[in-house]
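Scroll down for the structure; my scribbles are underneath it.
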Amino acid sequence: MDSRKELFRIDSGSKLPLYDQIERNLRDLIINGQLQPGQMVPPEWDLSELYGVSRLTVRRALEDLVRQNWLERKHGVGTFVRQPTIASIADSKLSFTEQMRAIGRKPSSHLIGQRVVPATAKIARAIQIGEGESIFEITRVRLADEIPILLETSCVSHEQFPGLADRSWSENDSLYKILSEDYGVGITGMDHTIKPVLLTETEARYLQAKAGIPALLSEIVSFTRDGTPVEYSWSFSNGDKSEFYFHFQRIEPDS
């Protein structure tokens, strides 16, 4: 069996459009580091065989990803994962719950799914564990005043935080608060990168938005006070209902 079919796969029984599933699968492979910047993706005919769909379906998914700046086409050569053009920044707030309460809005969450899975190379590097080690992954829609704002997936070490996978997550649970109160691990800083994207049909459905509208993909690595990485997460914002504020201040050296 072609081992690539374990990576390039969709659910033929799903009600989601095939091109949307392919787009999501390729984007997940890029986010998780299984397709690296500068790497050539398989050609259309190859992807057509791997996914079991027509080349037209594959082409539509690739064209959408090119338009969203995930991929780039090089004439006569092939299609490649784009080099990232975003910079790391430190956010002025930490958890989503804290951010929403700070501006007087009521935060809540809707659980989409939770599972224990092997860490991909990218996630393992981000939180400094071994590739293939178990991570706890939770996907939620984050709401403010009952309005969907983010579709968020968070990952932490399963070995470091046993019991998270067995927890019944309520709509008011804050991951950072649980890490602090139950495990004694406080999040005090983060690296935050942002990239413009267009919402797929699935993401739009969770966010109660229109497919194809502009949105932001945020990737966060959270740290403890001593600089130890704890969590890697990525989220898609609802471009119609989101606003980002950053405060930058230069600290003058002591005279």
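Tell me, which residue of segment 154-178 that is within 20 Å of the chain's Cα centre (by Cα) and part of a helix (DSSP H, G or I) is farthest from residue 137 (Cα to Cα)?
176
Testing residue 28 on (1) surrounded by 15 or more Cβ atoms within 10 Å (Cβ to Cβ); (2) assigned to a helix (DSSP H, G or I); (3) at pLDDT 90 or above, one condition comes back false. Which one is that?
Result: residue 28 fails condition (3) only.
Scan segment 188-221 residue by residue and report those that are open to solvent by less than 40 Å² (accessible area, probe 1.4 Å) and part of a helix (DSSP H, G or I).
Listed by number, the residues that qualify are 202, 203, 204, 207.
Is it true that some residue in segment 81-101 is modelled with pLDDT of 80 or more and surrounded by fewer than 19 Cβ atoms within 10 Å (Cβ to Cβ)? Steps first, please.
First pass over segment 81-101, keeping only residues modelled with pLDDT of 80 or more: 81-82.
Filter once more, keeping what is surrounded by fewer than 19 Cβ atoms within 10 Å (Cβ to Cβ): 82.
Yes, the conditions are met somewhere in segment 81-101.
Name the single residue, out of those in segment 34-49 being out of contact with any strand residue (DSSP E or B) (no Cβ under 6 Å at 6 or more places or on another chain) and either modelled with pLDDT under 85 or hydrophobic (A, V, I, L, M, F, W, C) (or both), that is surrounded by the most Cβ atoms within 10 Å (Cβ to Cβ).
47
Go through 176, 183 for me and flag whichever is more than 22 Å from residue 69 (Cβ to Cβ) and either aliphatic (A, V, I, L, M) or touching a residue at least 60 places away in the same chain (Cβ under 8 Å) (or both). Steps first, please.
Values: 183 fails: either aliphatic (A, V, I, L, M) or touching a residue at least 60 places away in the same chain (Cβ under 8 Å) (or both).
Residue meeting the stated conditions: 176.
Name the residues in segment 137-170 that are surrounded by fewer than 12 Cβ atoms within 10 Å (Cβ to Cβ) and under 17 Å from residue 113 (Cα atoms), would you?
Answer for segment 137-170, where residues must be surrounded by fewer than 12 Cβ atoms within 10 Å (Cβ to Cβ) and under 17 Å from residue 113 (Cα atoms): 163, 166, 168, 170.
For segment 50-71, state whether one or more residues are at pLDDT 90 or above, surrounded by 13 or more Cβ atoms within 10 Å (Cβ to Cβ), part of a strand (DSSP E or B) and touching a Ser or Thr at 6+ places or on another chain (Cβ under 9 Å).
Yes, segment 50-71 contains a residue that is at pLDDT 90 or above, surrounded by 13 or more Cβ atoms within 10 Å (Cβ to Cβ), part of a strand (DSSP E or B) and touching a Ser or Thr at 6+ places or on another chain (Cβ under 9 Å).
The values are calculated or read from the model by the stated rules, or taken from the named source; none is laboratory data. These figures come from a predicted structure and were not determined experimentally. Ideal geometry is used to build each Cβ from the backbone, glycine not excepted, and the neighbour counts take in all protein chains shown. What goes into the accessible areas is simple: the full protein's heavy atoms, side chains included, and nothing from ligands, DNA or RNA. Shrake-Rupley method; radii C 1.70, N 1.55, O 1.52, S 1.80 Å.
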